[in-house]
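Participant: Pasting in a structure now, in structure tokens, and then I'll have a few things to ask.
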Amino acid sequence: MSNKVSKKTSTKADSNGPAALAAKIRAKALENQKKLKETGTTSMNESDEETGNTKRQVIRTEADIEENTSEKTFTSFNELDLVPELIQACHNLNFSKPTPIQSKSIPPALEGHDIIGLAQTGSGKTAAFAIPILNKLWEDQQPYYACILAPTRELAQQIKETFDSLGSLMGVRSVCIVGGMNMMDQSRELMRKPHIIIATPGRLMDHLENTKGFSLRKLKFLVMDEADRLLDMEFGPVLDRILKIIPTQDRTTYLFSATMTSKIEKLQRASLTNPVKCAVSNKYQTVETLVQTLMVVPGGLKNTYLIYLLNEFIGKSIIVFTRTKANAERLSALSNLLEFSSTALHGDLNQNQRTGALDLFKAGKRQILVAIDVAARGLDIPSVDIVINYDIPVDSKSYIHRVGRTARAGRSGKSISLVSQYDLELILRIEDVLGKKLPKENVDKNTIMMFRDSVDKANGEVVMEMNRRNKEKQARGKGTQKSRSRARETWIEVNVEY
Ligand SMILES: Nc1ncnc2c1ncn2[C@@H]1O[C@H](COP(=O)(O)OP(=O)(O)OP(=O)(O)O)[C@@H](O)[C@H]1O
């Protein structure tokens, strides 16, 4: 394409001060926005596809994953050969220095390597893959340039925000393609030929199959964020269909997560070629600034202990994780009935309700978010002070991602897990992968038991109200088997005594 911009002659020329640099960046951004708009209509020269590079060896064994032990790290974004617009954007975002994962993964990424990035939760993995992609986009200026896959809608939206912030001076166009939103609106956005597509696998596949003119045949970057989750069986079939459509030749692939699978056959599906592994933590390491404790709870008293903790931490920003949608609704209603300020986040809510709940919590309009694991992966809410595990997650990875919602970007945080006699085996497994025993909270049982009567009474009211609503829903949804079984399932869940 004729309109490539050579980074060397761009605004790196001597500037005589920040104002001049800012003016040059603005001028360049306007010029580039115009060019990026134009590229919406041009297509890459077909012959580029025919030439293609020789196929590099795909990953077959651990040995094909080169550990990045090179000293090639950096301590300031100015040291990197990045376009000034990116450096300015990092500055605007107060990224004064790279996080360890960025320091380790961005240099080999800028050299064109595939990357497997492993770092604790909250350590800046999103910018670690966004920066190399945006830097190369400035050069290539091609629509449908990069596709980032995420396991949840909220995480996809959040990744889009990071790309938009980092690309704010470059005229980058991005789109978020997730379920629960209007297909036609998304098709129209895709027809505008965005450069960056952030998507959940299912909805992306829908558009690849049904939206005319939308194709990823010329894709240059594929990223799997929370890659181990995406490569699990849950996304298996749809992910394999997507990977069949996306070219492997001339494509760079990044896999990032805080809990990476080491199963080679899973990694092979992503068709990495000679990937560089950039690990700044071991598989299940949590951040140093996170204080993790356990609270042993006698049978049938979990609600009482939870309300005691909410009372202890009044005014703090808290995420309470539970295993079921019904419990998320019940605990949110219970805490609101007891004058706390709470909202629920789970899969039974429509997308607007989910986005609304998250926005209320992020804006500090709700102190407590009661969520199931859909909120455990990747969500970046800088203000979360405490994570409470009302239920202990059944697998250790979920535990890591849940407690990783606090203590992010170097901030401190605390997690408390309520452990009943049924949870001991799960806790032992979690302590085993963490490689440490979790300390127990000292509790004054008499103080806690003072809450019991009011909590049990309020919980009884909430359960009755939920069952009344479920019966109503059952009556309304008489015609559909699904809603009847869903209502019955919820009734059963709600009546499980803790
Ligand atoms: N170099 C940096 N300096 C300061 N803050 C940063 C830097 N890079 C990223 N951050 C901030 O750190 C926070 C966490 O980043 P991000 O959400 O990418 O973490 P993550 O490693 O992807 O976490 P998770 O594993 O939970 O998905 C964000 O608020 C982001 O803006």
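Please treat every number below as a calculation from the coordinates, not as lab data. Keep in mind the model is a prediction, meaning the values are calculated, not measured. Neighbour counts are summed over all protein chains in view; Cβ atoms, including those assigned to glycine, are modelled from backbone coordinates with ideal geometry.
Participant: Under Stokes-Einstein, with the Kirkwood radius over Cα pairs standing in for Rh, what whole-number D in µm²/s applies to the stretch 290-466 at 4 °C and 1.567 mPa s?
Facilitator: So the translational diffusion coefficient is about 79 µm²/s.
Participant: The stretch 390-435 to the stretch 257-315: how many Å between their Cα centroids?
Facilitator: Computed from Cα coordinates, the inter-centre distance equals 6 Å.
Participant: Strictly over 23 Å apart at the Cα level, which of LYS316/LYS414; LYS414/LYS440; LYS72/LYS414; LYS325/LYS397 would you flag in this model?
Facilitator: LYS72/LYS414
Participant: If you don't mind, there's one more thing I want to ask. Given axes a ≥ b ≥ c from the Cα gyration tensor, I'd like to know whether the stretch 62-279 is rounded (a/c under 1.5), prolate (a/b larger than b/c) or oblate.
Facilitator: Oblate shape, in that a/c is at least 1.5 and b/c is the bigger or equal ratio.
Participant: Can you give the percent of C-alpha pairs in the stretch 211-304 whose distance is more than 22 Å?
Facilitator: 46 percent
Participant: Let me ask something additional. What Kirkwood hydrodynamic radius, in Å, does the stretch 394-443 give when the mean of 1/r is taken over all pairs of distinct Cα atoms and then inverted?
Facilitator: About 12.0 Å, per the Kirkwood formula over Cα pairs.
Participant: What are the extents of the Cα atoms of the stretch 137-226 along their three principal axes, in Å, largest first?
Facilitator: Result for the stretch 137-226: principal-axis Cα extents of 31, 27, 21 Å.
Participant: Separate question: Which net charge results when you count Lys and Arg as +1 and Asp and Glu as -1 among the other residues whose beta-carbon is under 12 Å from that of SER332?
Facilitator: +2
Participant: Right, here's the next one. Fully extended, how many nm does the chain gain between GLU62 and LEU93 (0.36 nm per residue separation, minus their Cα-Cα distance)?
Facilitator: Taking GLU62 through LEU93 to full extension adds about 7.5 nm, to one decimal.
Participant: Which FRET efficiency value, to the nearest 0.05, is calculated for ARG192 and LEU110 with the Förster distance at 25 angstrom and r the Cβ-Cβ distance?
Facilitator: 0.30
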